[in-house]
Amino acid sequence: MQQSVVTLRQAISSVHSSTTQLLSVQSQLREQGISTKDLDEESTKPLLDIENRVKASAELLLRLCTELDERRVGWWDSKSEMRKTWLETGDSKLTEVNKINNNAVDMIRDMRQRIGQFCRYTLSISAEDLEYGPE
């Protein structure tokens, strides 16, 4: 799971870098009073390349969220016997494990929502339109 978190951080960094570049180009065009609709295909190619990189990074982030969630479910299932024992003995570890699981669920859900908002407002697409949309 640690490797997935590192990969997730790298993907977020890549999205941030590409998005900054995309927004900079879009801003420069607006300042010059140019709409991307006014440009020919060759002129918009660099902008589309950046958009495609951002889109690919968003897809990667969604795949990583799914992988993290699958690993979380595996971890949770592996604690089944321990949870039963802790429940029977009234051990406070049960509460801690529940908190960890609930926090992980919340963080993964929030990340998917943020990716969806990012896609909608930065790329003008729905996260479901990505090659690998959220579950």
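The values are calculated or read from the model by the stated rules, or taken from the named source; none is laboratory data. What you see is a predicted model, and the numbers here were worked out from it, not measured in a lab. No Cβ is skipped: glycine too gets one built from the backbone with ideal geometry, and neighbour counts run over all protein chains shown.
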### Message
For the structure I just gave you, tell me whether Val73 is modelled with pLDDT of 85 or more, surrounded by 14 or more Cβ atoms within 10 Å (Cβ to Cβ) and farther than 27 Å from Gln21 by Cβ.
### Response
no
### Task
Looking only at region 44-62, decide whether some residue is surrounded by fewer than 16 Cβ atoms within 10 Å (Cβ to Cβ), more than 23 Å from the chain's Cα centre (by Cα), modelled with pLDDT under 75 and not β-branched (Val, Ile, Thr).
yes
### Summary
In region 44-96, anything over 19 Å from Met111 (Cβ atoms) and touching a helix residue (DSSP H, G or I) at 6+ places or on another chain (Cβ under 7 Å) is listed as Thr44, Leu47, Ile50, Glu51, Arg53, Lys79, Arg83, Trp86, Leu87, Lys93, Leu94
#### Entry: Search result, residues across region 80-93 that are surrounded by 18 or more Cβ atoms within 10 Å (Cβ to Cβ) and either touching an Asp or Glu at 6+ places or on another chain (Cβ under 7 Å) or not in a helix (DSSP H, G or I) (or both)
none
### Message
Going residue by residue through region 111-133, is there one that turns out to be of a type in the set (Val, Ile, Thr) and at pLDDT below 80?
### Response
yes
### Task
Would you check which residues across region 94-128 are within 16 Å of Leu61 (Cα to Cα) and either in a loop (DSSP other than H, G, I, E, B) or in contact (Cβ under 8 Å) with a residue 40 or more places away in the chain (or both) and list them?
Ile108, Met111, Arg112, Ile115, Phe118, Cys119, Thr122, Leu123, Ile125, Ser126, Ala127
